[in-house]
Every structure is written in C-alpha cells, then in structure tokens.
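The values are calculated or read from the model by the stated rules, or taken from the named source; none is laboratory data. This one's a predicted model, so the numbers in the text were calculated from it and none came from an experiment. Cβ coordinates were reconstructed from backbone atoms using ideal geometry, including for glycine residues, and neighbour counts include every protein chain displayed. Side chains are part of the model used for accessible areas, which takes the heavy atoms of the whole protein and leaves out ligands, DNA and RNA. Shrake-Rupley method; radii C 1.70, N 1.55, O 1.52, S 1.80 Å.
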Amino acid sequence: MNIIELKKINKYFGQGSNRVHVLKNIDLQIEKGDFVAIIGQSGSGKSTMMNIIGCLDVPTTGSYKINGVEVGKMNKDQLAELRCKTFGFIFQRYNLLNSLKADENAALPAVYLGLNAEARDKRAVELLKKLELGNKLGNKPNELSGGQQQRVSIARALMNGGEIILADEPTGALDSKSGEMVMSIIKDLHKQGHTIILVTHDSKIAAQASRIIEIKDGEIVSDERKVNEFFESTNTVENISRSKFDAFKYSFIESMKMSLHAIMSNKMRSLLTMLGIIIGIASVVSVVALGNASQAKIMAQINSMGTNTIDIMPGTGFGDMRSGRVKTLKVRDSEFLAKQGFIDNSTPSVSASGTLVYRNYSLTAQLKGVGDTFFDVKGKKFAQGRGFTKEEVNQMASVVVIDDNTLREMFENEPNPLGKVIIFNKKPLTIIGVTEKDSSPGPSSESMNIFVPYTTAMYRINGSSDINLITVKVSDKVNSQVAEQSIEKILTALHGKKDFFMINTDSIKQTVESATNTMKFLIASIAVISLIVGGIGVMNIMLVSVTERTREIGIRMAIGAKQADILQQFLIEAILICLVGGFLGVSLSMLIGFIFNSLSEDVGMIFSTLSIVLALVCSTAIGIIFGYMPAKNASNLNPIDALASE
C-alpha cells in the first residue's frame with residue numbers, strides 16, 4: 001500500500017530571470033514500511049524533495065498525497081497537524097533547542113500532540129533509555145556529543161509515533177563510529193515498522209536501504225529496489241481527543257510554561273525589555289500619587305475653612321467699597337435660616353479689631369463673635385479646653401477661645417492658659433479653650449484670632465446689634481448649589497432686596513478639585529508617553545527576539561506547532577514581560593513613595609488602588625498591543641525558511 005504518492009511535482013525558486021527549476025516532473029510512490037534512500041550530489045534537489053514530502057515546503061505544481069489524502073488542499077495548521085502525528089524528523093545538524101534539556105527536547109512534539117506532562121515525560125525517558133541516554137536526561141545539547149545529540153533527535157522523532165521517519169544526512173556531522181550507531185538505530189526503526197526516507201550523498205549509507213532513488217538536476221535518474229523488506233508498525237501513539245475548552249486550557253498552560261522558560265533563559269534581555277515598562281509605570285503611579293497627596297493637602301486646607309458651609313456677608317461682593325457700612329444682616333436672619341430643613345446649623349458672626357493685653361504683653365488681635373455651633377460648622381478642633389455653650393451665648397458670658405497663634409505669642413512660657421484672664425479693648429475675658437493650628441490658606445492663618453459668644457461681642461464689646469457674617473452648614477444630603485439658591489431667595493424676601501453675597505466652600509472645593517485633576521491628567525499624560533515609548537521598546541526587542549529565535553520557531557513548526565501555538569507563546573511572553581514590568585514599576589513607585597514620605601513633611605505621596613490597578617491593566621494592554629505584531633510575524637514564518645536561518 002502506497003503511503004506517499006508524488007505526481008508531476010515541480011518546484012521553482014526565485015522570480016523572473018533568477019527563477020530556478022529545482023524539481024522537474026517528479027513521480028514517486030513509497031509504500032508503507034519501506035526503507036528508501038534518496039541519493040544525489042549537492043544541489044540535485046534531494047533535500048527540497050524531502051522537505052516537500054515532510055510538509056515543510058510546498059510544490060509549485062503537481063499532486064502530493066499521504067495515505068490517499070491530497071496535501072495541496074491543506075492549510076498551514078492542517079499541515080502542522082500532519083507533521084505532528086505522521087512525521088518524525090532527524091536532521092543533519094540535530095536542530096535541538098539549546099535552552100531545553102535532553103528529555104525536554106525529546107518530549108517537545110508531544111506538547112503539540114496534546115499529551116499531558118506526566119505521560120510525555122514518561123515516554124521521553126523510556127525512549128532516551130532505549131537509545132542508551134538514560135544518564136543524560138538532564139543534559140542540555142551543548143553538554144552532549146554529536147552522536148548523543150543525534151540520538152536525542154531520534155527520540156524526538158519517535159515521540160509521537162513517527163510513522164514516517166525523514167532523515168536528512170543523519171550521519172553527515174558525525175564521526176564514523178557515531179554514524180554507524182545512528183544507522184544501526186535507523187535500521188532497527190525500519191524493522192519496527194517505521195517508513196524510513198533517508199537523504200544522503202554517501203553511496204555507502206544509501207546501500208543500507210531497501211530501495212535507492214538517485215536524483216540529478218531535479219530529475220529522478222534511477223530507482224533501484226535491492227530487497228523487498230516491509231514491516232508492520234509496532235510503535236503507535238494514541239490519538240488525543242479533547243473538548244474545545246480543554247484543548248484551549250491545555251494549549252494556554254503549555255504556552256505559559258514555554259514563555260516563562262524563554263524569559264528565564266534570557267534574563268538580561270527580558271530585564272532590558274521590561275526597563276521601559278518599569279520606568280513608565282513607576283512614573284505614572286508616582287505622578288498620580290503625588291497629585292493625590294497635593295490634592296488631599298489642599299482639600300484639608302479648604303475643609304479647615306468649613307465643610308459644606310456657606311458664608312453670607314453684606315454688600316454685593318468683595319470689591320464693594322460700601323460693604324463695611326452695610327448693616328442689613330441681623331441675628332433673626334440666622335435664626336430663621338436655622339429653622340430650614342436643608343440647613344443643619346446657622347451661626348451669626350461679629351468681628352472687631354482691637355488690642356489684646358495679658359500681664360505685660362500687648363498685641364493687635366482680631367475678635368470674632370460667634371455662636372455655639374461655629375466650631376462644628378467650621379470644622380475647628382480643640383487642642384485644649386472647649387468651646388462655649390448655648391447658655392453662655394444666651395447669658396453674654398465673658399469667655400473666650402484663643403487660637404494657636406495667640407497661645408504662642410502671649411503664653412510662650414505658660415503652656416496651659418485655661419482659666420487665665422485676658423483684656424480685649426478693656427473688657428476682661430476668661431480663656432476656656434485653645435483651637436488647633438489653623439492650616440487654611442490665606443493671611444488669617446498667621447493673625448491673632450480670639451472667639452467669644454456673638455452676644456458678648458455685640459452687647460459688651462461693640463455695643464451694637466449688627467452682625468458682619470452668617471455662616472450656615474448645609475445638610476450633607478442637600479446639594480450645596482441648590483441650598484445657595486434657596487438661601488438667596490429667603491434672604492431676598494426677608495430684606496426686600498438682595499443686599500448680600502455668599503461664598504460657597506463647596507464651589508471652591510469643586511474648582512480646586514477640577515484644577516488639580518486637570519493638572520494630574522496633564523502630568524500623567526506626559527508619564528503615559530514614557531509608557532508608550534516603553535511599549536515600543538518591547539515591540540522592538542520582541543521583533544529582535546523573533547529574528548534571533550527564527551530557527552527555534554522553525555524547529556517547533558517542523559515537529560507540529562501550529563500558527564496559533566507560536567502566536568500564543570510569543571504573545572504570552574510579551575504580556576508576561578509587560579505584566580512583570582508593571583509589578584516592578586509599581587514596586588519601584590512604592591519605594592520612591594516611602595523614601596519621599598520619609599524625607600518630606602509637608603507634601604507626601606498617596607497611592608490609590610485604582611491607579612495601581614489601571615497601571616497593571618495598562619501594562620498588560622501594552623503587552624497585547626505591542627506584542628501582537630512580533631508574535632504574528634513569528635507565526636507566519638515558513639517552516640523551511642525558519643529552519644534554514646542561523
């Protein structure tokens with residue numbers, strides 16, 4: 001029974017005037033279990049014919065059938081599957097992968113067959129032991145002699161059964177003793193039922209075959225059968241059948257293992273590939289963390305002015321020269337606003353400037369008459385003591401709360417001023433509390449401020465019922481912009497006209513947040529550019545890697561790797577490099593943040609989980625985007641061209 005049938009096979013190389021007719025109308029039939037030697041001088045076309053038989057190359061014209069199936073109608077993946085299940089290759093130069101050990105090289109075809117790790121490792125060990133390499137399982141090719149490497153190549157050829165063994169000058173690179181051993185193994189394989197097709201220019205080697213075909217100038221010039229020896233196959237490998245999901249899972253896991261092995265085998269190249277990603281990710285995460293810290297500090301300063309508060313002042317705005325003489329705001333306005341459902345608290349405020357005296361200390365200070373809820377509304381906290389109560393407001397009590405600046409200036413040698421009496425504009429006031437340091441922006445953070453009940457300020461100090469300011473705290477469930485509009489309508493109705501203006505801290509906060517977010521975006525965009533540059537670096541080095549590993553790709557394709565297998569392996573490599581680079585970039589950013597926060601007291605770095613997750617997603621996306629082109633190039637290589645690469 002014919003296992004191989006070639007009819008009118010022609011093969012051309014080159015174009016135009018450089019076109020060469022390598023094979024000319026080849027007709028050839030090879031029976032199952034035969035041992036055929038194809039002999040001819042260099043350039044005769046014998047290797048080209050073997051490559052076509054092994055589905056590593058395709059004829060220009062003609063028909064080629066294996067087991068009655070037309071090969072010319074098969075796509076690249078079907079040809080790869082045919083190579084994987086039917087052929088076993090023994091190359092003159094062994095074509096072993098230098099990064100793999102002997103047992104891993106032998107087991108490699110079974111990866112593409114779909115055999116699980118345990119089964120293929122067991123079979124690889126058995127084959128190598130039969131070939132007297134049981135003590136060399138863990139050796140890499142550069143640790144083996146030529147004869148040993150060729151025996152590993154033979155084990156690889158038999159891994160998936162090797163129904164047809166294609167041996168291209170199998171003894172050409174060996175000494176005579178090793179050559180004899182290899183030929184002895186090949187003859188034994190013939191007796192085990194393998195169909196052997198041996199290509200050689202050595203007539204002594206060819207004489208050991210059952211049939212000798214001589215080719216010259218691309219034509220078969222003689223076909224001589226010496227003996228009729230055909231053997232039934234005794235070495236078969238079970239076909240693997242999996243569901244689509246299991247096949248994908250198996251393929252992905254094996255590609256992941258091979259990618260990790262490739263990365264670890266080239267640590268320096270992998271690290272240099274990651275470098276651009278590491279710098280880019282570290283830049284993006286650090287910039288965002290720095291922006292978060294700056295924004296948090298500004299927000300804290302704004303919050304110190306009062307959270308979700310609205311200040312109501314007389315006049316038409318800060319530029320109104322008459323605002324100081326306008327006396328339209330009254331306590332009853334504050335009391336009326338306090339009754340509204342959308343307002344949590346409302347406190348009137350009276351201000352006065354004057355001389356503050358304690359013992360022999362005298363300085364200019366700003367007095368503010370406020371309600372009992374003022375400190376809560378403004379978010380002020382106490383370093384010592386307390387604020388005044390509602391009863392103290394109602395009774396116009398002569399109590400005072402001083403700020404940190406006043407404490408530092410007047411009580412430098414008395415850290416506990418509580419209970420002490422100070423004089424403001426000749427009015428005695430007893431200290432009941434000290435506020436924490438004011439971190440809000442503006443000159444008020446450096447001035448001396450004292451706080452008394454607004455009733456005390458109005459009737460004991462100013463002698464007037466007018467107030468300068470009303471501060472309201474809007475309910476957290478209410479939009480501050482809506483609340484501002486409602487307050488405007490209420491006060492306009494009470495006064496008969498709009499003779500006041502408002503400052504909404506929420507508007508300030510939104511403006512600052514918008515400005516800082518814009519700044520973060522701009523700076524992050526600049527950092528992203530470095531990330532893109534890193535991605536281009538990944539693509540360039542992966543393209544170089546494909547070029548460097550072209551022969552490896554050819555070997556994998558020759559033993560059964562499909563386009564999807566090659567594409568998946570190189571794509572996973574790129575993704576892993578970028579993902580590991582992303583983790584290292586985040587780690588570097590964290591280290592920078594730790595050092596920065598340790599050295600800087602004013603501005604630190606605040607890392608957000610979202611920015612870190614986005615950075616890692618971004619690094620993965622870069623691996624996919626910039627790794628796809630090199631991976632696709634690798635998968636599109638022609639097996640025979642890739643094998644010929646050095």
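Site pair ASN636 and ASN18 shows an inter-label distance of 2.0 nm when each label is modelled 7 Å from Cα along Cα→Cβ. Think of the chain as a dipole: +1 on every Lys or Arg Cβ, -1 on every Asp or Glu Cβ, centred on the Cα centre; then among PRO59, THR518, ASN449, ASN449 lies furthest on the positive end. For region 1-119, the tally of Lys pairs with Cα-Cα distances below 18 Å comes to 22, considering only residues 8 or more apart or on different chains. Here the chain has 55 percent of its accessible surface on carbon and sulfur atoms, given a 1.4 Å probe and all protein chains in place.
Annotation: GLU335 carries an accessible surface of approximately 100 Å², with a 1.4 Å probe and no ligand, DNA or RNA atoms counted.
When shorter helices are ignored and each DSSP H run of at least 4 residues is given -39500 (n - 2.57), the per-residue value for the chain at 222 nm works out to -15500 deg cm²/dmol. Other residues within the sphere of radius under 14 Å centred on the Cβ of GLU31, judged by their own Cβ, net out at -2 (K and R +1, D and E -1).
Placing +1 on the Cβ of every Lys and Arg and -1 on the Cβ of every Asp and Glu, with nothing else charged, gives region 171-220 a dipole about its Cα centre of roughly 220 debye. Considering the dipole of the chain built from charges on the beta carbon (Lys and Arg +1, Asp and Glu -1) around the Cα centre, which of TYR250, GLY371, PHE594 is farthest to its positive end? Result: GLY371. Assuming charge only on the beta carbon of Lys and Arg (+1) and of Asp and Glu (-1), the dipole of region 550-604 about its Cα centre is about 440 debye to the nearest 20. For region 582-646, the fraction of C-alpha pairs more than 16 angstrom apart is 65%. The H on the amide N of GLN384, modeled in the peptide plane, is under 5 Å from the matching H of VAL434, each at least 5 residues off or on a different chain. Solvent-accessible surface of protein heavy atoms, probed at 1.4 angstrom with all chains present, puts THR406, THR620, THR518 in the order THR518, THR620, THR406, largest first. Of the listed residues HIS194, HIS495, the order by accessible area with a 1.4 Å probe, largest first, is HIS495, HIS194. Loop-located trypsin sites (Lys or Arg not before Pro) in region 143-237 (DSSP state not H, G, I, E or B) with no more than 16 neighbouring Cβ atoms inside 10 Å: LYS226. Measuring nothing but how far apart in sequence close Cα pairs (under 8 Å, 6+ apart) lie, relative to its length, the chain scores a relative contact order of 17 percent. In plain terms, the chain from ARG269 to GLU31 could stretch by 80.8 nm, reckoned as 0.36 nm per residue minus the Cα-Cα distance. Solvent-accessible surface of the chain, taken per residue with a 1.4 Å probe and all protein chains present: 47 Å². Multiplying the residue separation of ALA247 and VAL528 by 0.36 nm and subtracting their alpha-carbon distance yields 97.4 nm.
This model, with +1 at the C-beta of Lys and Arg and -1 at the C-beta of Asp and Glu, gives the chain a dipole about its Cα centre of some 680 debye. Highest-first packing order for the peptide set 422-430, 362-370, 622-630 is 622-630, 362-370, 422-430, based on the mean count of other beta carbon atoms within 10 Å.
Annotation: lysines with alpha-carbon distance below 24 angstrom to LYS497 (same-chain offsets under eight excluded): LYS327, LYS330, LYS339, LYS473, LYS489.
Computed from backbone phi with θ = phi - 60° and the Karplus coefficients 6.51, -1.76 and 1.60, the 3J(HN,Hα) list for region 407-423 is 4, 5, 7, 9, 10, 4, 9, 10, x, 10, x, 4, x, 6, 10, 10, 10 Hz; x is used for glycine and proline.
Within the chain, the whole DSSP H helices whose Cα atoms reach 24 Å or more along their own axis and whose mean Kyte-Doolittle score is at least -0.5 are 244-265, 267-304, 505-548, 563-599, 609-635.
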